[in-house]
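What follows is a single structure, written as structure tokens, with notes after it.
The values are calculated or read from the model by the stated rules, or taken from the named source; none is laboratory data. Since this is a predicted model, take the numbers as computed values, not measurements. Here the Cβ positions follow ideal geometry from the backbone for every residue, glycine too, while neighbour counts run over all protein chains shown. These accessible areas exclude ligands, DNA and RNA; they are computed on the full protein's heavy atoms, side chains included. Shrake-Rupley method; radii C 1.70, N 1.55, O 1.52, S 1.80 Å.
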Amino acid sequence: MLGKISLDSFVDAVLRNENLIVQDGNVEKVLWVVDYLGSLIELIKAEYPKEHAGAVRRIAILLVINNYFNKLYEWRSETEAVKSLSAPELVSASLIRGAEDYLVISKKAVAALREGARGKAVIDTHLSYLIEDSIGNRIHPDSAMSMLFDSIFLIMKSTGFIEGLKENNCFDFKRFYCPSEDDIYKIGALNLNAMSWKFFDSLQKDIRHCERGWSHSDNNEDVPEEHKEHVKEYLDISSPLAWRIYEIIAEQRIRQLAKEIYFTTLEHLSMMRENDSEAYLNRVANNIVIERILSIDPGDEKNKCLGLTLSQWIEGYAVLQEFVRSNYNDDDASSLVPLLGKVEIIDLFVSKGIPIGIADTFLNNVIFGPGSFDLYDTPVIRFGDLYMIYGPVLKDAILYELVVSNVGRNKEKLAHKGDALEYRLLHVFKEAGLNPKKFKEMRGKEEYEFDLLVKWNDFLFVFECKNRAIPRSPVLSRNMIDDYKEHIGQLKRLCAGLDKYPDMVEKNFGPKHGVKYIIPCIVNGMPFALDKKLDEVFVTDISAISRFFNGNEITLNSPEGEINIYSQWSSSNPSPEDFLFMLNHPFNVKMRLEYFSTRVECLPIGEGVYVRAEEYLYEEKGIQESIRYFSELEDYRNNLFSNGGYPFV
């Protein structure tokens, strides 16, 4: 009955079916899912009598997930906030509670920074300054903020749907109520429920889409004695796939790139004596970051998202951020939640040079609604005729991240994004004095289209360019992993074609080309790279390649000033062997791998029911660790090269 599909593929499809997950407490649907899965399990046992055990176990997680969502829903329903507050009161109290928590986290972050910098001439920007959360875990302030905003987001979105507050494309929470201390206290339990809900939702998607390991116990038999009275049932979840580490590294690399661009722009504006106000600098730097990471002109009219160019998105967010910062008082949470009429907000945009039509379009796109993925993208909240500009998410927001996120959220396809990356890579190799080729050949009925080929001595590098966003969820991570399997299959087919039809190489590089080795590489527009081959294919990015050819020395800002810490080339000019070493040992990835550790996080699901999950913790180690890493890398490279030959082909 299952046809030609493999059992693993069938189970995979079942697990990824969102219709089998019930989060709204609908008992009738839960019972239907239980019956359906029961029938499915019987079918699998009948058709796969020998190998069904693993498949049945994998599918069983769906029953656990629905049970846990039901417990979370019951917990939410039983909170004092839901019982005693109206929808507008509930949302108002959550937003104010969030603003107060933001001030607490901000002060902790400043204290940690001061403590870390005590006795030092300058702040070490290569060190992570962690804080303690409410239960004693060491956590990065950004992560603490993210968890806080996730909980507020979930409260607002679930309230909007449950209460039927959808108005066109946004939620209208009708009226803002200034909450009492009692209201803010009540909302604490609902915030905790929302944090658990959001965290568990991400975990269950990771299990279903990315095959994250788990084990479930419906009793406390194996629980340590000191915890038995509190724990009746638990779900243990192992650490995410290693792929998640590379996604985190990519996000950190983008932020590092943004810092470099920010200070380079500041230096340039100072030298040119141009407008060097913080607001202007912010706009210019974020436009440059967008251009670098997407390989497109952010002002290009052909590349619009919801009717706005990417530059117009940056301008809109910059105006809101500047307004929030100018009104901020670190002792007053209310300064972070200004309420304005629509005309006032439009006038604010117009006063900063944004045309009224663009201002209106931008505002409509950033009002919180059913399509919102988070509060960062849509930080304007409607209360009848008034609109709250939610300062906690805007004050420290990184503008290019908001723009890129909106492109992904709205599934916008930017025109010629892939072509732009190809031509940028072509330019890099031309500037390096090499002779890159981009061509398409037909052999029989087979088409071979090459994004870019570079012959360098006896090496032929075959590049496949991919310009896509870094995943922000387990579902997108799985899609990216699946896409890479296709990319690699395509690239290996192209390389096999070069072997099968050597005349293609001769036609484009001459009969005496001297090619001995074909090196397949996927090149990403975003700074996403791997430290090892993926099925014999290198995965690198345009940022790493550009940096390789941009100059030999890697420098670092230290208390003593700028210092050279690593030479990328083994001589005065780059060689293909140096380039191969960079592909095999991408320092932007390998160094950051040393910054990861794991910790176990626990979250309540219901009375006596818990989830334990192993999570990655990213913590930069400081300037001295960076210097040590590069010193060891250079010694390793020199030893390899001095022993004759290059062992990585």
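The table that follows gives values for the structure above.
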item	result
Test: residue in region 18-26 that is over 30 Å from Asp183 (Cβ atoms), of a type in the set (Val, Ile, Thr) and in a helix (DSSP H, G or I)	no
Filter pass, Ala81 being open to solvent by less than 20 Å² (accessible area, probe 1.4 Å), in a helix (DSSP H, G or I), in contact with an Asp or Glu (Cβ under 6 Å, 6 or more places away or on another chain) and not β-branched (Val, Ile, Thr)	no
Hits in region 184-203 - residues which are in contact with a Leu (Cβ under 8 Å, 6 or more places away or on another chain) and open to solvent by 30 Å² or more (accessible area, probe 1.4 Å)	Lys186, Met195, Lys198, Phe199
Matching residues in region 162-171 - criterion: being closer than 22 Å to Ser77 by Cα, at pLDDT 90 or above and not in a loop (DSSP other than H, G, I, E, B)	Lys166, Phe171
Residue ID - farthest from Gly489 (Cα to Cα), chosen from residues in region 526-540 that are without any contact (Cβ under 8 Å) to a residue 60 or more places away in the chain and open to solvent by less than 60 Å² (accessible area, probe 1.4 Å)	Thr540
Filter pass, Asp101 being modelled with pLDDT of 75 or more and within 26 Å of Ile187 (Cα to Cα)	yes
Qualifying positions in region 204-224 - open to solvent by less than 40 Å² (accessible area, probe 1.4 Å), touching a helix residue (DSSP H, G or I) at 6+ places or on another chain (Cβ under 8 Å) and not in a loop (DSSP other than H, G, I, E, B)	Gln204, Asp206, Ile207, Arg208, His209, Cys210
Subset of region 505-529 (residues that are within 29 Å of Ser295 (Cβ to Cβ) and not in a loop (DSSP other than H, G, I, E, B))	Val505, Lys507, Asn508, Phe509, Tyr517, Ile518, Ile519, Pro520, Cys521, Ile522, Val523, Asn524
Conditions (1) more than 15 Å from Gly98 (Cβ to Cβ); (2) out of contact with any Phe, Trp or Tyr (no Cβ under 6 Å at 6 or more places or on another chain); (3) crowded, with 20+ Cβ neighbours inside 10 Å; (4) aromatic (Phe, Trp, Tyr): number failed by Phe153	(1)
Total residues in region 553-562, condition out of contact with any Phe, Trp or Tyr (no Cβ under 7 Å at 6 or more places or on another chain) and touching a residue at least 40 places away in the same chain (Cβ under 8 Å)	4
Subset of region 29-42 (residues that are open to solvent by less than 40 Å² (accessible area, probe 1.4 Å) and in contact (Cβ under 8 Å) with a residue 24 or more places away in the chain)	Val30, Val33, Leu37, Leu40
Residue within region 611-621 that is open to solvent by 60 Å² or more (accessible area, probe 1.4 Å) and within 28 Å of Val515 (Cα to Cα) present	no
Selection within region 225-259 - open to solvent by 70 Å² or more (accessible area, probe 1.4 Å) and either assigned to a loop (DSSP other than H, G, I, E, B) or in contact with an Asp or Glu (Cβ under 7 Å, 6 or more places away or on another chain) (or both)	Glu229, His230, Lys232, Leu241
Residue that is surrounded by the fewest Cβ atoms within 10 Å (Cβ to Cβ) [pool: residues in region 282-297 that are farther than 16 Å from Gly353 by Cβ and free of Cβ contacts under 8 Å to residues at least 24 places away in the same chain]	Asp297
Matching residues, region 564-597, being under 16 Å from Asn457 (Cβ atoms), touching a residue at least 24 places away in the same chain (Cβ under 8 Å), touching a Ser or Thr at 6+ places or on another chain (Cβ under 9 Å) and open to solvent by 20 Å² or more (accessible area, probe 1.4 Å)	Glu577
Neighbours by Cβ (under 8 Å, 6+ apart or cross-chain): first from region 45-62, touching a residue at least 24 places away in the same chain (Cβ under 8 Å) and open to solvent by less than 30 Å² (accessible area, probe 1.4 Å); second of a type in the set (Phe, Trp, Tyr) and not in a helix (DSSP H, G or I)	Ala55/Tyr48; Ile61/Trp214
So Asn191, is it closer than 19 Å to Leu72 by Cβ and not hydroxyl-bearing (Ser, Thr, Tyr)	yes
Filtered residues of region 38-63 (kept if farther than 26 Å from Gln23 by Cα and either in contact with an Asp or Glu (Cβ under 6 Å, 6 or more places away or on another chain) or of a type in the set (Asp, Glu) (or both))	Glu47, Glu51
From the options Thr378, Thr361, residue that is within 17 Å of Ile152 (Cα to Cα) and among the polar types (S, T, N, Q)	Thr378
Count - residues of region 586-605 that are of a type in the set (Phe, Trp, Tyr) and more than 19 Å from the chain's Cα centre (by Cα)	1
